[in-house]
Amino acid sequence: MEKQDLIELREALSKLNNEERKQRDLYQKALHNIDIEKGPIIEGPPIGYASIDKPNLGYYDNEAILGEIPQATMYEYLEKIFNTTPNSYCLEYYGTKIRKKKFLKIVDELSKKYSKMGIGKWDIVSMISVTTPELIYTIYALNKIGAIINLIDPRLSADNLKEKCMESKLIVSLDIVEPKLKNILRNDQKVIYYPISESFSPIVKKIYNSKNPAPKINSANAISWSEFMKIPTNDVVLPKIEQSEDDVAILESTSGTTGPSKLAMLTNKGANSVAWQYEHSGIPHTPGSVFLNIMPAFLSYGVIAGIHMPLTLGFKTVIIPKRELKDMGKYISKYKPQAYLDIPNGYTALKNSPEIINSSKDHDLSFNLFNSNIKIKCRKRKDLSFISSPGVGGDHLSQELEEATNKFLKEHNNNHHIAKGYGMTELSSAAIVNVSEACNSIGSVGVAFPKTKIKVVNPETGEEVMYNEEGELYISSPALFKGYYKNEEATNKEIVLDENGEKWIKTGDYFTVAPNGELFFKGRKKMMFVRPDGHNNHPLEMTELVLNHPAVKDAFTVGIQSPYDIQGKYPKVSIVLKDEYKGQEEQIQKELEDLCMSNFSQRDVPYYYNFRDEIPYTPGGKIDFISLEKEGTDNTRKAQILIEEKGDTESINKPYQRKKTIR
């Protein structure tokens, strides 16, 4: 299609009204006619641009395309759903089970108590906590009265907490944070402290509190949760307020992995649209199904996809406030969840979990064959068939770990594959998911939600590229945030308007999109770097190849400043070896250098090798590549190619003769 024709087509599409847009979407769905067993069968004349062809629609039913995202607040949406089955359970927390009608009663009571403390529309309440029932109740209680909750990581330093709570009218916090808070509060700031055991069952609470005495609170402007709950509300009549789906409901800090953290303003519409689109995206859910909540609420992934979504879909959500990776097998074995969302590291932990491995049993299998009695040793592995939606997100999942996890699930009587996705805080957590096995290819993150549009853009020209061409991913979604709190400059850098006035967010990630709508992650824009000779390096490709070596447990590649040049970077790969290979670093490095030189040109291979005990991660579970960059060449071993190029023999690793020819 000629450029001018494309411009005119986009303009014509932008002028469609809502009904016309829906009818066109049905037409696009028919064009891509998804056969779930075989994948997409393209029968029509798509023009090669994902934002126009919308190949993702082929995976959804008509209801997902014709339906409307609820025009309601988060509380209103949840209340309507809960009132349909009021007696079923919605939460479980260390021996305590909460029914939906009790949940709504508690939320109503808390909304009155917060109102009596002077909290109203647009007021900000900071909650410094891991995920607990009190946090979940407070989210919806504040939403009911139009207030905004600011969710904060309790592990932050006192200075960071002071900054993030600066404009909060009220603070609700775990009691263990009190030593950091007591000296940084404004005189007019009130604090409600509560223990993590507040909603434990009586027996569990008694045992826990005997081993973990509550800290003494010595602050004049603080009250305990029990005192807060005694505030009388008989005289409280909640004021009638006008609320909108576009109102800000939640403040979430961005991950900060690519720069300073910012506060993203998430709306009612954003939260509800993610939940609604998940419901139409194939996640199996029946009344009473168990969802295991292990992601903290101070991540958008945790609060929207881990709390609001499963509650509105009817799951009983089991809360794990402080997940320990080593205990993943214990959680799975005890609660038998049908669905849960985790970071990639969580699946590594599950595969190595003693509870899963040690529960497998050896037994003899006997049978008669041609009048001969045959006996063979068999190993019966723990049955994990109850998991119907093992989800992963929050960071890139390597192909090696994806294949290993799928194999692990199959070995444990589970025919489901790990369900990947993609999103960001600014998109209220999620925008792309694996709807079915037809869009769950190894390495892909799935397809866009039914109400979400994507396009891959050439970063130099700003124009959309065609299928299978690499560029920066732009997303247009009803879940798009309202902007960064009091940071219009940063907002304008991330959100762009196209020529027809449609809003898109620049993800900062490089992708390709296949004709069937599947998206494949290629690397983060801010992690790509330029060598001193002007050549662009894609660190993800190096990392994926290194992870294929049988000795490598974990790896990550970053660019570090060249010590030989005024500007430009060289690739450094940080490696964690499996236990049985530790002490063989020199030999492993030789093998890795040969592996890389056999697959890439010499300008696309690691120049430095850093063997370490573990890869650093941020509190949100993402690889902390900034710290790896800052380490520079500390504790690294130079690659032979670097020694040969620079004539630099001062290296802790001995030079050796390369076995394979450099391409």
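The values are calculated or read from the model by the stated rules, or taken from the named source; none is laboratory data. Remember, predicted model here, so these are calculated numbers, not experimental data. Every residue, glycine as well, gets a Cβ built from its backbone with ideal geometry; the counts of neighbours run over all protein chains shown. We work out accessible area using only protein heavy atoms, side chains counted, and drop any ligands, DNA or RNA first. Shrake-Rupley method; radii C 1.70, N 1.55, O 1.52, S 1.80 Å.
Annotation: extensible slack from SER14 through THR286 equals 94.1 nm (criterion: 0.36 nm per residue apart, minus Cα-Cα distance). Compared with the dominant principal axis of the Cα atoms in the chain, helix 133-144 is inclined by about 70°. The residue among LEU110, PHE521, MET542 whose Cα reaches farthest toward the positive pole of the charge dipole of the chain, with charges on the beta-carbon of Lys, Arg, Asp and Glu, is LEU110. Between ILE231 and ASP613, the C-beta separation translates, for a Förster distance of 60 Å, into a calculated FRET efficiency of about 0.75. Using the Kirkwood radius over Cα pairs, work out the Stokes-Einstein diffusion coefficient for region 495-597 at 37 °C and 0.692 mPa s, in µm²/s as a whole number. Roughly 202 µm²/s, to the nearest whole number. On the beta carbon distance between MET466 and THR84, with R0 = 60 Å, the FRET formula returns roughly 0.85.
Listed cross-link partners LYS101/LYS334; LYS3/LYS29; LYS144/LYS336; LYS144/LYS262; LYS54/LYS526 are compared with a 30 Å cut-off, the Cα-Cα value being larger for LYS144/LYS336.
Cut-off under 27 Å on the C-alpha distance; same-chain residues fewer than 8 positions from LYS216 excluded. Which lysines are left, in chain and number order? The qualifying lysines are LYS113, LYS116, LYS162, LYS164, LYS169, LYS180, LYS182, LYS190, LYS205, LYS206, LYS230, LYS322. Loop-located GluC sites (Glu not before Pro) in region 486-541 (DSSP state other than H, G, I, E, B) with a sparse environment of at most 15 neighbouring Cβ atoms within 10 Å: GLU499, GLU502. Dipole magnitude for region 524-585: computed about the Cα centre from +1 point charges on Lys and Arg Cβ and -1 point charges on Asp and Glu Cβ, it is near 280 debye. If a/c stays under 1.5 just call it rounded; otherwise compare a/b with b/c (prolate if a/b is bigger, oblate if not). Do that for region 238-309, with a ≥ b ≥ c from the square roots of the Cα gyration tensor eigenvalues. Oblate. Here the chain is treated with +1 on each Lys and Arg Cβ and -1 on each Asp and Glu Cβ, and its dipole about the Cα centre works out to around 2720 debye. Each Lys or Arg adds one and each Asp or Glu takes one away; over the other residues whose Cβ falls under 13 Å from the Cβ of LYS486, this sums to -1.
Of all lysines in the structure, the ones whose alpha carbon falls short of 18 Å from that of LYS590, not counting any fewer than 8 places away in one chain, are LYS553, LYS572, LYS578, LYS582, LYS638, LYS654, LYS659, LYS660. What the Cβ-Cβ distance of ARG21 and LYS493 gives, at R0 = 30 Å and to the nearest 0.05, is a FRET efficiency of 0.55.
For region 172-268, applying the loop criterion from DSSP together with a ceiling of 13 other beta carbons within 10 Å to the GluC sites (Glu not before Pro) yields GLU242.
One compactness figure for region 7-142 is 1.57, namely its Cα radius of gyration divided by 2.2 N^0.38 Å. Taking 0.36 nm per residue of separation and subtracting the current Cα-Cα distance, fully stretching the chain between ILE207 and ASN548 would add 118.1 nm. Placing +1 on the Cβ of every Lys and Arg and -1 on the Cβ of every Asp and Glu, with nothing else charged, gives region 125-242 a dipole about its Cα centre of roughly 280 debye. Tell me which of VAL445, MET466, ASN415 sits at the most positive position along the dipole axis of region 406-543, charges placed on C-beta atoms (Lys, Arg +1; Asp, Glu -1). Looking along the dipole axis, the top candidate is ASN415. Beta-bridge orientation, region 182-287: approximately 60 percent antiparallel, per DSSP, counting only bridges with both partners inside.
Panel note: the C-alpha atoms of the chain, placed on their principal axes, show extents of 84, 76, 67 Å (largest first).
Of the peptides 480-486, 403-409, 340-346, 83-89, the ranking by mean beta-carbon count within 10 Å, highest at the top, reads 340-346, 480-486, 403-409, 83-89. Solvent-accessible area of the chain (1.4 angstrom probe, protein heavy atoms only): carbon and sulfur portion equals 49 percent. Working from label points 7 Å from Cα in the Cα-to-Cβ sense, the PHE386 to GLN587 distance is 4.4 nm. Rolling a 1.4 angstrom probe over the protein heavy atoms with all chains in place gives region 493-564 an accessible area of 40 Å² per residue.
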